[in-house]
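Please read the structure below before turning to the comments.
The values are calculated or read from the model by the stated rules, or taken from the named source; none is laboratory data. Bear in mind the structure is a predicted one, so any value in this text is a computation, not a measurement. For neighbour counting, all protein chains shown are included, and Cβ atoms are generated from backbone atoms with ideal geometry for every residue, glycine included.
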Amino acid sequence: MSDTPQPDLWAEKPWWCQPWTIILTGVFAISGSWLVLHRLWVTIPVAVIILIWWVLFLVIAPAAYNNQPR
């Protein structure tokens with residue numbers, strides 16, 4: 001194994017693909033769907049899709065990036 005530090009995943013991403021923008025976009029999508037439509041049957045699926053997106057990009061992708069051999 002090499003002693004060189006691994007580059008940070010987020011340092012390689014543009015500003016619009018940082019964790020804070022992913023979270024803010026999701027919060028705006030969920031709250032916007034509720035504020036505009038006032039329908040749970042729309043907001044709940046939107047929230048589920050956003051939660052899956054968050055898990056994929058904020059949990060699974062960074063873990064896979066950190067576990068890949070260098």
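For a quick check of your reading of the model, give me the residue pairs whose first member lies in region 33-48 and is within 17 Å of residue 23 (Cα to Cα), whose second is surrounded by 10 or more Cβ atoms within 10 Å (Cβ to Cβ) and of a type in the set (Phe, Trp, Tyr), with beta-carbon atoms closer than 7 Å and at least 6 apart or on different chains.
Taking only residues 6 or more apart or on different chains, the pairs are 43/34.
Looking at region 1-47, which of the residues that are exposed (fewer than 10 other Cβ atoms within 10 Å of the Cβ) and not in a helix (DSSP H, G or I) is modelled with the lowest pLDDT?
1
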